[in-house]
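Trainee: Starting off with a structure, shown below.
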Amino acid sequence: MNRHEHIDADDEHEQARIMYYRACIAEFQQLGYQEALLDETFSQKRSGETKLNDSNSLQNE
């Protein structure tokens, strides 16, 4: 293996490493967005249940 081939192999390794990190970052971002959506969905559901409970308590008075 001459010096030029060694540099090319290092460059390929570096490119593969960068692509792997980018894929990891994209996956973490997607998981973060999914978590935020679930939090928002459950918050809305909980506030809807609170409104329903408040409505029922008013009817019972």
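The numbers here are math on the coordinates, done by the rules we state, and not lab data. All of these numbers come straight from a predicted model, not from anything done at the bench. Every residue, glycine as well, gets a Cβ built from its backbone with ideal geometry; the counts of neighbours run over all protein chains shown.
Trainee: Report the local net charge at Tyr33: Lys and Arg +1, Asp and Glu -1, summed over other residues whose C-beta lies under 14 Å from its C-beta.
Mentor: Within the 14 Å Cβ shell, the charges total -4.
Trainee: Kindly state, to the nearest 0.05, the FRET efficiency for Gln15 paired with Ala36, given R0 = 35 Å and r defined as their beta-carbon distance.
Mentor: Between Gln15 and Ala36 the formula returns 0.65.
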